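Visitor: My questions all concern the structure below.
The values are calculated or read from the model by the stated rules, or taken from the named source; none is laboratory data. Only a predicted model underlies this, so the values are computations on that prediction, with no experimental measurement involved. Virtual Cβ from ideal backbone geometry, glycine too; neighbours counted across all protein chains shown.
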Amino acid sequence: MTLSRILGITEAQYRKLEEIANKHFKNIKGKIDGVQENILKEIILAKPNELEGISETYKGLAEQFKNKYKNFTNKKKEYDAYELAESLNINTCPYCNINSTYTVIKNKDEKITRPEFDHFYDKATYPILSLSFYNLIPSCHTCNSSLKSSKKFSIKTHLHPYSDNFNDKVKFHLHINDSRFFYNEKGFKIALKTEDVRAKNNIDSFKLETLYQNHKDIVLELIQKREIYPDSYIDELAHNYSGLFKNREDLLRLITSGYVEDKDLNKRPLSKLIKDISEELELI
Ligand SMILES: [Zn+2]
């Protein structure tokens, strides 16, 4: 399974997420001394909107959780962050959609790469949430280590990738500076638009507007593709190559080089940028 719509997951994907969370709990069980199993279950499986309350209720157990995360990220343990990342199967960072976050384990034990796990509620302030499933966000190094680090996030201040839909709340927008925009990146900039205060905080915390300017080449290509592919030509291609493409979306993916359906945005980096700008240009 792929949690492909992590930027706003569907009901079915949420159920799958709960299954993975339960498996995570079973693997953690017995590894935290001095915490009753039913309480441990509450802590590990607390939903995003319950995390803060759970931390407050069980703050007396903080010592038992300190340093346990180190064991979880140690490659040599029988259950570790690699296994969790592999079952989540999230291919691009849900905070930025810029960097890949795939997991590669070769021949069952050669652990090559995995996403980092960001603690949505930072682990220095909330040590008992250090292994809570919904507090562990698979993410890229830039978002987790370089930008978020120990910044204070909560569901009141920021969008949570497992419970909020960044895709619906934010749109990329082509901001044209001058007539050079058809052939020169200096003629435009990439803007991010939202009416949502928490989404705005995500954009600011992860410096998304600044970072996305490094991908203006892709937007320029989309502008030029819009010129090269008028609707009549796309219709003609769809007709002439009907055996090659499953449907029109398939052809549009080839033209835009991005997945154009919401459910697929996580499959390839920069898909949201490509989708939003392609829609603005009426390419899709
Ligand atoms: Zn990221």
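Visitor: Is it the case that Leu220 is touching a Gly at 6+ places or on another chain (Cβ under 9 Å) and of a type outside the set (Gly, Ala, Ser)?
Guide: So Leu220 passes the test.
Residue by residue, here is whether (1) over 19 Å from Ile28 (Cβ atoms); (2) outside any helix (DSSP H, G or I); (3) away from the ligand (no atom under 16 Å from the Cβ); (4) of a type outside the set (Ser, Thr, Tyr) holds:
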site: Tyr79; (1), (2), (3), (4): no, yes, yes, no
site: Tyr82; (1), (2), (3), (4): no, no, yes, no
site: Ala85; (1), (2), (3), (4): no, no, no, yes
site: Ile98; (1), (2), (3), (4): yes, yes, no, yes
site: Ile112; (1), (2), (3), (4): yes, yes, yes, yes
site: Lys123; (1), (2), (3), (4): no, yes, yes, yes
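Visitor: Got a sec? Which of Lys70, Lys75, Lys59 is loosely packed, with under 15 Cβ neighbours inside 10 Å, farther than 26 Å from Lys106 by Cα and basic (Lys, Arg)?
Guide: Answer to the check: Lys59.
Visitor: Could you tell me which residue of region 125-142 is farthest from the ligand (Cβ to nearest atom), considering only residues that are under 24 Å from Thr57 (Cα atoms) and of a type in the set (Val, Ile, Thr)?
Guide: By that ranking, first place goes to Ile128.
Visitor: Okay, moving on. Specify which of the listed residues (Ile98, Ile105) is at pLDDT 95 or above and among the β-branched types (Val, Ile, Thr).
Guide: So the residue among Ile98, Ile105 that is at pLDDT 95 or above and among the β-branched types (Val, Ile, Thr) is Ile98.
Visitor: Further, regarding this structure: Check region 185-195 and report whether any residue there is farther than 30 Å from Thr57 by Cα and of a type in the set (S, T, N, Q).
Guide: Yes; the residues of region 185-195 include at least one that is farther than 30 Å from Thr57 by Cα and of a type in the set (S, T, N, Q).
Visitor: Under the condition of being outside any helix (DSSP H, G or I), within 16 Å of the ligand (Cβ to nearest atom) and surrounded by fewer than 13 Cβ atoms within 10 Å (Cβ to Cβ), which residue from region 143-179 is farthest from the chain's Cα centre (by Cα)?
Guide: Lys151
Visitor: It is to be established whether one or more residues within region 198-217 are among the aliphatic types (A, V, I, L, M) and either more than 30 Å from His160 (Cα to Cα) or surrounded by fewer than 16 Cβ atoms within 10 Å (Cβ to Cβ) (or both).
Guide: Checking region 198-217: not a single residue is among the aliphatic types (A, V, I, L, M) and either more than 30 Å from His160 (Cα to Cα) or surrounded by fewer than 16 Cβ atoms within 10 Å (Cβ to Cβ) (or both).
Visitor: Another question about this same structure. Lys31 - would you say it is part of a loop (DSSP other than H, G, I, E, B) and basic (Lys, Arg)?
Guide: Yes; evaluated as a whole, the condition is true for this residue.
Visitor: Among what's in region 180-218 and is within 27 Å of Phe133 (Cβ to Cβ) and touching a Phe, Trp or Tyr at 6+ places or on another chain (Cβ under 8 Å), pick the residue that is farthest from the ligand (Cβ to nearest atom).
Guide: It comes out as Ala199.
Visitor: So for region 101-108 (the condition being charged (D, E, K, R), out of contact with any helix residue (DSSP H, G or I) (no Cβ under 6 Å at 6 or more places or on another chain) and assigned to a helix (DSSP H, G or I)), does at least one residue qualify?
Guide: no
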